[in-house]
Every structure is written in C-alpha cells, then in structure tokens.
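Enquirer: The structure under discussion is supplied below as structure tokens; questions concerning it will follow.
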Amino acid sequence: MKIPGDLLDTIVNSKNVAALTGAGVSAESGVPTFRGEEGLWRNFRAEGFTTPEELATPEAFRRDPKLVWEWYDWRRTLIAPLKPNPGHLSLAKFEKRLKKKEEGRFTLVTQNVDGLHRLAGSADPVEMHGNIWFTRCVDEGTVRENRDAPLPQLPPLCPDCGAMVRPHIVWFGESLEPSVLERAYKAAQEAEVFFIIGTSAVVQPSASLAGIAKDAGAMVVEINLESTPVTSLVDLSLKGPSGVILPELLKMIESA
Ligand code: BV8
C-alpha cells in the first residue's frame, strides 16, 4: 500500500484522530452490510414492506412490532457468534497507542449497531445509531442490555411494567441523541486526521462528518472497496478491505 510521505507523517505525528465507521468494517466478520449485493436491505423479505429500509422506521414498528422484531431477532441471531476482525482490532490498537501520547486523543464514531468495536477493545465508541444488544421500554424509556438470541418471545416485554420494548436503535426519521451527536461533531471539528471507513456515506447526519472535519482543517482519509459521495473531498483514498488496509497502515505507523 503506497501512502505519500507527507500524508503518512501527518498521520504518524497527529495527536487528535477521529474515525467514522460503517457496515463495511464489520463485513469481514460476516456481518451483512446494508446496501451491498448481499446487503440486509435486499435479503430480508417481508410482506407489506418493499425494503427493510421501511422496516427500520417508527411507523413500521407501530404498524407491526412483531415483524420488526422478527427482523432484529434474525440479525441478532446471525451476528451473536461473530467476532471482531483485524480492522476492528487495529482501530482499538491505534486508539491505545494514541492515548499513550501526551494529549493524545482518539474518538471512534460508528454507525454500526453490532457492538463489535467494543468487543475489539475500543474504549468508548460513539454509537450514532444505537446498539442492537440493547432494548428500550416504550413506556418507561428504560434501556437494558439483552443478549438473548433468539429472543424467547416477540415482541419482548419490559420486565418491570409489562409494556413492549423496542430495539435501542435510531430508525429513519428519528433524531439521534443530542449528546451522541455533540460528541461526533466535536470529534470531527477537532480532529487533525479524520478516517471514514467502510461506509456508503449516504445516511445523514453521519455522512456529513467527513465534510465537517475537512472544513475544520483535518486531513481526511477514506478506506473503502469503492468510491463514495465523499471520495472527491478526501486527501487520501485507500481502496481495499478495511480488515487488510488497517493492519497494514498500523504497521506503517508503528515502524515510522
Ligand atoms: C435524523 C437503522 C433528524 C438501524 C439506520 C439530510 C439529507 C437527506 C436525508 C436526511 C437528512 N437528514 C435526515 C435524513 C433522513 C435519513 C437519511 O439519512 N436518509 C438517507 C437514506 C438519505 N436520516 C435519518 O432519518 C436520521 N435521523 O437525521 O434525524 C431528522 C428527523 C426527521 C426528518 C429529517 C431529519 C437517522 C439515521 C439512522 C438510520 N438508521 N439504521 C439498523 O437497523 O441498523 S441507518 C443504516 O445505514 C445503518 O444503521 C447503517 O449504519 C447506515 C449506513 O450504512 P453503511 O454503514 O454505510 O452501510 P452500507 O451497506 O450502506 O455501505 C457499506 C459500505 O462499506 C460500502 O461503501 C461498501 O463499499 C463498503 N465495504 C463493504 N465491505 C468492505 C467495505 N469497505 C471496506 N472494507 C470492506 N471489507
């Protein structure tokens, strides 16, 4: 993998780094992406819904909570045995390495809900779209971790009040938690180097983070199999699987 010397120096000497990841980072762990050929949006057929993108909405949940839970239960059961791949692990190692530097900061912002960054050792990922292993009571709002896969009952009920619980996930048309958004914007505005990895960069507001980082003076690096709507604004575009590129990049940084 070739990286121009000046760009590599910037990465090696940076003290404040942020990364935004998408489903592509988990693809090599076996987690289906959303929009690819094998993507989730194509391979889950449910009568009455043309695309799963319609399933990931509060309207769908109001209309047919059992069906929406069948989709999430299917995904949870699929990803439960899966492990972080070298891409996740390299990001966790990079974070630890940076934090050893004086004033070193690394913020991992992810659109992924699979929890694999945490499993890989990332300390405190900003989970923009929530986490598939957490549920939220529709009445009390209580958030609980629940790793039953498959779930014994669909839809699952709140153990306290008996109301239905929903996935603790941000659906289309729902606003992201303000505190989560604030952390993500701050990370993009303050980063010296901003990585955007394994995302089709179509979902807002996550997709706007690369432009915010760029406008704030960061060097932006994209890692993806293909070009995306942000490729034209990045300083460095590394084409290939993140599970191969990230370990190689980390080796170059460590031996620089
Ligand atoms: C909101 C559900 C305020 C949970 C998800 C402004 C402009 C236009 C539209 C909007 C806008 N603001 C808001 C919207 C509407 C909407 C939106 O963005 N729509 C898009 C589709 C146009 N946004 C929202 O509704 C957001 N809310 O903004 O609130 C508001 C409220 C009301 C009205 C307006 C505004 C909420 C967004 C969250 C939605 N929830 N998921 C779930 O079940 O997961 S988003 C869904 O897509 C996933 O969560 C996923 O995280 C996300 C992004 O997908 P990617 O991660 O990028 O995955 P994808 O498959 O698309 O791409 C994979 C990429 O990896 C590809 O590029 C591929 O090449 C690459 N790849 C594959 N393998 C590898 C690889 N790369 C490297 N290595 C590999 N091995």
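Enquirer: Among the lysines, which fall within straight-line cross-link reach of Lys239, defined as a Cα-Cα distance under 28 Å, with same-chain neighbours fewer than 8 residues apart omitted?
Expert: Lys2, Lys15, Lys83, Lys93, Lys96, Lys99, Lys186, Lys214, Lys251
Enquirer: For the full complex of protein chains and a 1.4 angstrom probe, list Arg166, Arg76 by accessible area with the highest value first.
Expert: Arg166, Arg76
Enquirer: Further question: Any idea of the accessible area per residue across the chain, 1.4 Å probe, to the nearest Å²?
Expert: 46 Å²
Enquirer: Here is a follow-up. In what order, largest first, do Thr51, Thr199 sit by accessible area if the probe radius is 1.4 Å?
Expert: Result, largest first: Thr51, Thr199.
Enquirer: Right, something else. With the chain treated as a Gaussian network of Cα nodes joined by springs under 10 Å, which of Asn224, Asn146, Asn131 yields the largest mean-square fluctuation?
Expert: Result: Asn146 has the largest fluctuation of those listed.
Enquirer: While we're on this one: Go through segment 233-240 residue by residue and turn each phi into a ³J(HN,Hα) via Karplus (6.51, -1.76, 1.60, θ = phi - 60°); whole Hz please, and just put x for glycine and proline.
Expert: Coupling constants for segment 233-240: 9, 7, 7, 8, 10, 9, 8, x Hz.
Enquirer: For the chain, what does the helix formula give at 222 nm: sum of -39500 (n - 2.57) over DSSP H segments with n ≥ 4, over the residue count, nearest 500 deg cm²/dmol?
Expert: Rounded to the nearest 500, the figure is -10500 deg cm²/dmol.
Enquirer: Also, quick follow-up: When the accessible area of segment 101-144 is split by element with a 1.4 Å probe, what percent falls to carbon and sulfur?
Expert: Its accessible area is 46 percent carbon and sulfur atoms.
Enquirer: Where does the charge balance sit around Ala213 when Lys and Arg score +1, Asp and Glu -1, over other residues with C-beta under 10 Å from its C-beta?
Expert: Values: positive: Lys214; negative: Glu190, Glu192, Asp215.
For residues surrounding Ala213, the net value is -2.
Enquirer: Going from most exposed to least, what order do Ser14, Ser237, Ser179, Ser232 have by accessible area with a 1.4 Å probe?
Expert: Result, largest first: Ser232, Ser179, Ser237, Ser14.
The values are calculated or read from the model by the stated rules, or taken from the named source; none is laboratory data. Quick caveat, the model's predicted, so the values are computed rather than measured. Glycine also receives a Cβ, built like all others from the backbone with ideal geometry; neighbour counts cover every protein chain displayed. Accessible surface is based on the protein model in full, side chains and every heavy atom, while ligands, DNA and RNA are left aside. Shrake-Rupley method; radii C 1.70, N 1.55, O 1.52, S 1.80 Å.
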